[in-house]
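What follows is one structure encoded as structure tokens, with my remarks underneath.
The values are calculated or read from the model by the stated rules, or taken from the named source; none is laboratory data. Predicted model only: the values in this text are computed from it and were never measured. Positions of Cβ are generated from backbone atoms using ideal geometry, with glycine treated the same way; all protein chains shown enter the neighbour counts.
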Amino acid sequence: MLYWAIIFFVIALVAGLFGFRGVASVSSKIARFLFFIFVVLFVISLVMQVLS
């Protein structure tokens, strides 16, 4: 999941560099969404490890 967030972040950077602001905006939103899902799943995993 973190891998895909990084990929979309790189896509957003490249698109912003070349002036494709719409693509950069969408890619950064996707990257942010995937990153937050990764963080939530990571925290849940840590809590489950501590409880078991």
Those residues of region 1-32 which are surrounded by 13 or more Cβ atoms within 10 Å (Cβ to Cβ) and among the aromatic types (F, W, Y), in sequence order: W4, F8, F9, F20
Which listed residue, of A24, A15, is touching a residue at least 12 places away in the same chain (Cβ under 8 Å), aliphatic (A, V, I, L, M) and in contact with a Gly (Cβ under 6 Å, 6 or more places away or on another chain): A24
Qualifying residue in region 15-31 (condition: outside any helix (DSSP H, G or I) and of a type outside the set (D, E, K, R)): yes
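Considering each of S52, S27 in turn, give the residue that is among the small types (G, A, S) and modelled with pLDDT of 90 or more.
Sole residue among the options that is among the small types (G, A, S) and modelled with pLDDT of 90 or more: S27.
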